[in-house]
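Below is one structure, written out as structure tokens, with a few remarks after it.
The values are calculated or read from the model by the stated rules, or taken from the named source; none is laboratory data. Just so it is clear, the structure is predicted and the values come from calculations on it, not from any experiment. Heads up, the Cβs are rebuilt from the backbone with ideal geometry, glycines too, and the neighbour counts pull from every protein chain shown. Each accessible area value is taken on the protein alone, full model and side chains, heavy atoms only, with ligands, DNA and RNA left out. Shrake-Rupley method; radii C 1.70, N 1.55, O 1.52, S 1.80 Å.
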Amino acid sequence: MRVLLVGSGGREHALAWKLAQSSLLDELHAAPGNPGIASLAECHPIRADDAEAMLGLARSLEVDLVVVGPELPLVLGLADALRRFGFLVFGPSAAAARIEGSKSFAKDVLAAAGVPSAARLAIARPPCVVKADGLAAGKGVFVCRTKAEVEHAMRALSGSGGDVVVEELLDGPEVSLFAICDGREARPLVSAQDFKRAFDGDEGPNTGGMGAYAPVAEIGAAEADALVEAVHRPVLAELARRGAPFVGLLYAGLMLTDDGPRVLEFNCRFGDPETQAVVPLLAGDLLESLAAAARGDVSGAEISWSGTAAVTVVLAAERYPEEGDRGSVIAGVEEAEATGALVFHAGTARHGERLVTNGGRILAVTGVGSSLAAGCAAAYDAASRISFAGARYRRDIASAAASGQPPTRS
């Protein structure tokens, strides 16, 4: 198969790494890609949200499957444009991608599907959670326990020009559960937990994600199947009823409360950085599963797991998430990879022969081991070997879970 992967982040590098291992793959292309992806695929300098140029590229390459990584092109209708010209696409239509593109729409779908979620509040009064209604790159959620925090959240979101959604503040550990969907059926992947706050101890502002681990001990195969039955399948049925069948990766952000699981959010694509922890644990052929879903029947796809554990640590720019860094020389990637860890490029570029920073989250380092503790040790050993000006990373990713404690509570 000739495959076109859309995107340029760490998530797409992890997907490219796994797709490149498929016996079904003949050619792998990426647009726009990044220096890490370039070692696995032919990269083309086209923006992920430029639907016209992406369509022209797909036609010129005569690709058999397009895999769309980021949410923005999906919400803007890239999958629709490609499907109109007969391309097989793993990624939802714009109508189905509203499950991420609009928190209000997602709440309506959940209510109609009978899926428990955080209650929507009419007034922003602590304790509560204040969210941007539209896309915010993972940074549009504010947990507010004081009046001052509510006021800060409202000020921060007032400049976005979009609506605001206020919800009750739930208590419990958070879990990310991905499912490959064909419009009707959903097949779960291994559970994960990500770490959104910028600093150790879950302090500081929300980010796109500073690290992740998989699997979550409390969510084994049986529990994942039960969650998909209770959460994903009712939502798929409701979207189909509305004429918007969901084909792609449906990602449920769940809170495991004392009263049972509650949906915090839905995303219409693979999570970042959870993908960098989940994909290395996949023992089966990812390309086969994605293509089966895109064709409309994922029931026969073989999705199996290695039985190991993975921890991903994100190396970020010094002032991320307020601002990124560009042009600082990155050293030590080869040394980190020599330990056996995986180094996924997220915000990098090439200046001649030099690898340099080009974003907020620069690299995602994944360690895989026989246990979560082993994966954690491998990730941090590798991360310590990489350097660039202002580089920083959280020192507590998966530390509690690796020591046998329950998942971090929000």
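Can you work out which of the residues in the range 172-206 that are farther than 30 Å from R319 by Cβ and of a type in the set (D, E, K, R) is least open to solvent (accessible area, probe 1.4 Å)?
D182
If only one of A122, A136 is aliphatic (A, V, I, L, M), open to solvent by 30 Å² or more (accessible area, probe 1.4 Å), more than 23 Å from L239 (Cα to Cα) and part of a loop (DSSP other than H, G, I, E, B), which one is it?
The unique qualifying residue is A122.
What strands (runs of 3 or more DSSP E), lying completely within the range 194-257, carry at least 3 residues that are modelled with pLDDT under 95?
Ranges flagged: 203-206, 247-257.
So, in the range 277-311, how many residues would count as being within 19 Å of L24 (Cβ to Cβ), open to solvent by less than 40 Å² (accessible area, probe 1.4 Å) and outside any helix (DSSP H, G or I)?
Here the count works out to 7.
Of (1) among the small types (G, A, S); (2) open to solvent by 10 Å² or more (accessible area, probe 1.4 Å); (3) in contact with a Cys (Cβ under 9 Å, 6 or more places away or on another chain), G248 satisfies all except one. Which?
(2)
Just to verify a result, which residue in the range 20-46, among those that are part of a helix (DSSP H, G or I) and out of contact with any strand residue (DSSP E or B) (no Cβ under 6 Å at 6 or more places or on another chain), is least open to solvent (accessible area, probe 1.4 Å)?
The qualifying residue least open to solvent (accessible area, probe 1.4 Å) is A38.
Tally the residues that are in contact with a Gly (Cβ under 9 Å, 6 or more places away or on another chain), closer than 26 Å to E174 by Cβ and among the basic types (K, R), restricting the search to the range 355-399.
2
Among all residue pairs at least 6 apart or on different chains, which show Cβ distances below 9 Å where the first residue, located in the range 123-152, is of a type in the set (K, R) and the second is open to solvent by 70 Å² or more (accessible area, probe 1.4 Å) and in a loop (DSSP other than H, G, I, E, B)?
R145/P127; K147/R125
For the range 312-368, how many residues meet the condition of being open to solvent by 10 Å² or more (accessible area, probe 1.4 Å), in a strand (DSSP E or B) and over 16 Å from H13 (Cα atoms)?
9
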